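Structure first, then comments.
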Amino acid sequence: MPVNLSGRSFLRLLDFSTEEIEYLLKLSRNFKDLKRTGTPHRYLEGKNIVLLFQKTSTRTRCAFEVGAMDLGMGVTYLDPGSSQMGKKESIEDTARVLGRFYDGIEFRGFDQADVEDLAANAGVPVWNGLTDAWHPTQMLADILTVQENFNYDIKGKTLVFMGDAKNNVARSLMVVCAKLGMNFVACGPKECFPDPELVKTCEEIAKENGCTITLTDDAVKGCTGADVIYTDVWVSMGEPDEVWAERIKQLEAYRVTEKLMGVANKDAIFLHCLPAFHDTNTTIGADIAKRFGVSEMEVEDSVFESKASKVFDEAENRMHTIKAVMYATLQ
């Protein structure tokens, strides 16, 4: 049966079937080929989208802007200080106004309820560029990168998330792995395991697709035999600065090191959604090194800069996969 996503919002991958996710990934590959060959693909000329950002970003903003312009669309970017949303105007009223101006709305912010409210009231597709609960566009880029490194045969491969496995990235990875037949391992302290209800839901989906969900607090055990080792920053955007001391103590044992990559499969790859604190070449990295004596946080610099690291392929793939989502929902 043909896949038709026209008019759909893209808020979380739990709302999409395996076939629909695979369709978006194939579409992403096609758009990547068109981009690399310089083939024009202004398929959505005359349409306009707006980007609503409560949280700043490099990759998400650029991926949506370049992707939209490649497709021939106009783009308006609204940063946290450029709209009345949530201050003088409700989410619902903002959605009803913007839905009359624009053909699609991207939202990157904090509360999942905000993006849900936008989608319920806008009358046009709404895309989740990140909330505290989910990060669905990132997942497509991650999986496309895994596909490219394993000859597009990813069923039965094992992806390990190291660190705070209850965060939005880890939760989203668990869902997409279950949907696509990849084994998922959440490796971190027990207090950072994902929500039990979500684990149960993903276990049921995984069973249907012939894969498994595993939770472990043993870093070596978790990484042994892995095909993909993935990590994320230890303190997310919007969290108070005071949590650094606690998180470093809590998660230091789950730093992705050469030793842990060494127990993975010989062709294993390393992924990170970026930005990454792998050295002291940032103001935050330098500050943490000065305060806590930690020069590398969630990943060793030698791993980040190794041949196994595919983080910049992954970053580029945000553009191609976001383009696929916009095209599929707006055509």
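Summary of values
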| read-out | value |
| --- | --- |
| Global geometry of segment 1-151, whether rounded, prolate or oblate, following the gyration tensor of its Cα atoms and the 1.5 cut on a/c | prolate |
| Net charge over other residues, Cβ less than 9 angstrom from the Cβ of Asn209 (K, R count +1; D, E count -1) | +2 |
| Mean projection area, nm², convex hull over Cα of segment 22-85 | 5.3 |
| Packing-based order for 220-233, 200-213, using average beta carbon neighbours within 10 Å, highest first | 220-233, 200-213 |
| Angle in degrees between helix 91-101 and the longest Cα principal axis of the chain, rounded to the nearest 10 | 50 |
| Whole-angstrom Cα spans of segment 186-247 along principal axes, big to small | 42, 26, 18 |
| Heavy-atom accessible area per residue - segment 67-190, 1.4 Å, Å² | 33 |
| Average projected area [Cα convex hull, segment 147-201], square nanometres | 3.8 |
| Mean shadow area of the chain over all directions, Cα convex hull, nm² | 16.7 |
| Centre separation in Å (Cα based) which lies between segment 206-220 and segment 97-166 | 22 |
| Shape call, segment 131-228: gyration tensor on alpha carbons, a/c limit 1.5 | rounded |
| Over 28 Å between alpha carbons, listed pairs Lys35/Lys259; Lys155/Lys221; Lys32/Lys166; Lys157/Lys290; Lys166/Lys310; Lys88/Lys323 | Lys35/Lys259; Lys32/Lys166; Lys157/Lys290; Lys88/Lys323 |
| Segment 65-182: equivalent-ellipsoid semi-axes (sqrt of 5 x gyration tensor eigenvalues, Cα, Å) | 31, 18, 12 |
| Most mobile listed residue (Asn183, Asn128, Asn281) in the chain, GNM with C-alpha springs under 10 Å | Asn281 |
| Acute angle (nearest 10 degrees) that the helix 283-292 long axis makes with the longest principal axis of the chain, alpha-carbon atoms | 30 |
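The values are calculated or read from the model by the stated rules, or taken from the named source; none is laboratory data. Just so it is clear, the structure is predicted and the values come from calculations on it, not from any experiment. Cβ atoms come from the backbone with ideal geometry, glycine included; neighbour counts cover every protein chain shown. Please note that ligands, DNA and RNA were not included when accessible areas were found on the heavy atoms of the full protein model with its side chains. Shrake-Rupley method; radii C 1.70, N 1.55, O 1.52, S 1.80 Å.
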